[in-house]
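Okay, so here's the structure we're looking at.
Throughout, read-outs are computed from the coordinates displayed, never taken from laboratory work. What you are looking at is a predicted structure, and each value in this text was computed from that prediction instead of being measured. A quick note on method: Cβ atoms are made from the backbone with ideal geometry, for glycine too, and the neighbour counts reach across all protein chains shown.
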Amino acid sequence: MANKNYYETLGVDKKASEADIKSAYRKLAKMYHPDLHPNDEAAAAKFKEINEAYEVLSDQQKRAAYDYELDHPNARTSGGFSGAGFGGGFSGFGGFGDIFSDIFSGFGGGTSARAADTQGEDITKEIVLSFLDAAKGCTKEIRYTRNEPCSACGGTGAKNGTAYKTCDKCKGSGQVRYTQDTLFGRTIRMAACDECGGTGKKITEPCPECRGKGYVRRETTVTLNIPAGADTNSYIRKKGYGQASAQGGAPGDLIVIFRVEPHKIFKRKDKDLYVELPISFRTAALGGKVRVPGIDETFEYLIPDGTQSGTTFCVRGKGLKTRTGTGNMYLTVTVEVPTKLSREQKRAVEQMDSGMDIRQTSKMRAFRDNMQAMYGVDPYQN
């Protein structure tokens, strides 16, 4: 999905506000609406593209997920998991009725799709994952309430799924034709039949189980197999686990977006891990082995002698293992200076310092030379 730049489609910046996005959408939708371009396939395709872009960017959670995939083009994986895109496409143009009614009130509003072909709405849920669960992958159950297709009538709303007749007004097509004179001239528009709701059928005897709605309200439990490397705003889409269609169309999807908790030790950027590693002055000066945390287990790392505070070491292959590869770990050393010393420890430090030659310290030596050149003083002489 990230191969389509929805911001470019609407002609807005990635940091555009909701108001800017809505304004750009209204302008373009009015420009390319099918009522103004009858039998123009190019305009119809552009109109569909504009609606698809707005459906994503006008929804806060979908926009966050899309932005993630846009910034991480290699994050898409197989098996229903994606870095952030909404694999499988979007269902119709639901949610635009208020905008269309404002722009095209003279045309009667609405789209020409049959209601029976309308997919049910998607359901978006958010779950919180611990850092390690997201890193290693895990299995989670999510419970939620949704409209499920009625099993008694097959989602038709009619008793036994057969208690209906062909609509007299639309003759079973689900659509009626309207002709209207407007400022733009005479327009011909196809709209959903108001007698049958666009289904092409009228129920003669409602289903007693769902009372003619075609769906029932039930609690659903879904098991999610979350792959290793899930990140905040990545998600899983479960096809057909959204809301049932009120007119017997396909159910919508369940979109589960992840929010990963921060970790006390690890920080993450894509597949790479970052660790701030405190070490003693002795280890920094003389070198030595330290035990470093990993995702699955700890490991030893050799700190070379003369290591300066702030030095970063790259440990290859110790980052996150994902479907797109394994990252690295970056260790940034912090030399810890004791805050409380005994008298003996202080004497030992003073004795060591008195025996040190400034030529052994490149940064101190350079700083001293610059101070002497500028001010004629040695900052380390008391």
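Expressed as a whole number of Å, what is the distance separating the alpha-carbon centroids of the range 203-235 and the range 300-335?
For the range 300-335 versus the range 203-235, the Cα centre distance is 45 Å.
What is the fewest-to-most order of 298, 220 by other Cβ atoms lying within 10 Å of their Cβ?
Sorted ascending by nearby Cβ count, the order is 298, 220.
How would you classify the range 330-382 from its alpha-carbon gyration tensor, with a ≥ b ≥ c the square roots of the eigenvalues: rounded for a/c under 1.5, else prolate if a/b is greater than b/c, otherwise oblate?
Judged from the Cα gyration tensor, the range 330-382 comes out oblate (a/c at least 1.5, b/c at or above a/b).
Provide 299, 47, 131 in ascending order of the number of other Cβ atoms located within 10 Å of each residue's Cβ, fewest first.
Taking fewest neighbouring Cβ atoms as first place, the list is 299, 131, 47.
Looking at the range 257-357, what % of its DSSP beta bridges pair antiparallel, to the nearest 5?
Roughly 65 percent of the DSSP beta bridges within the range 257-357 come out antiparallel.
Which cross-chain or sequence-distant (5 or more) residues have an amide H under 5 Å from the amide H of residue 175, H modelled 1.01 Å from N in plane?
Result for residue 175 returns 193.
Taking only C-alpha pairs under 8 Å that are 6+ residues apart, what is the relative contact order of the range 209-365 in percent?
This gives 18 percent for the range 209-365.
Which whole-Hz ³J(HN,Hα) couplings does the range 263-268 yield from phi under the Karplus relation 6.51 cos²θ - 1.76 cosθ + 1.60, θ = phi - 60°, glycine and proline marked x?
So the Karplus estimates, Gly and Pro as x, are 10, 6, 10, 8, 10, 10 Hz.
In this model, which of 15/140; 213/239; 4/239; 269/363; 4/30 are farther than 24 Å apart at the alpha-carbon?
The pairs that break the limit, which is 24 Å between Cα atoms, are 15/140; 269/363.
Under the Karplus relation 6.51 cos²θ - 1.76 cosθ + 1.60, θ = phi - 60°, what is the ordered set of whole-Hz ³J(HN,Hα) values for the range 330-346, x standing for Gly and Pro?
So the J values, rounded to whole Hz, are 10, 9, 9, 7, 10, 7, 8, 9, x, 8, 10, 10, 6, 4, 5, 5, 5.
Using Cβ counts within 10 Å as a stand-in for footprinting exposure, how do 354, 245 rank, fewest first?
The most exposed by this proxy come first: 354, 245.
For residue 234, list long-range residues whose amide hydrogen, built 1.01 Å from N in the peptide plane, is under 5 Å from its own amide hydrogen.
258
Which cross-chain or sequence-distant (5 or more) residues have an amide H under 5 Å from the amide H of residue 292, H modelled 1.01 Å from N in plane?
299, 300, 301
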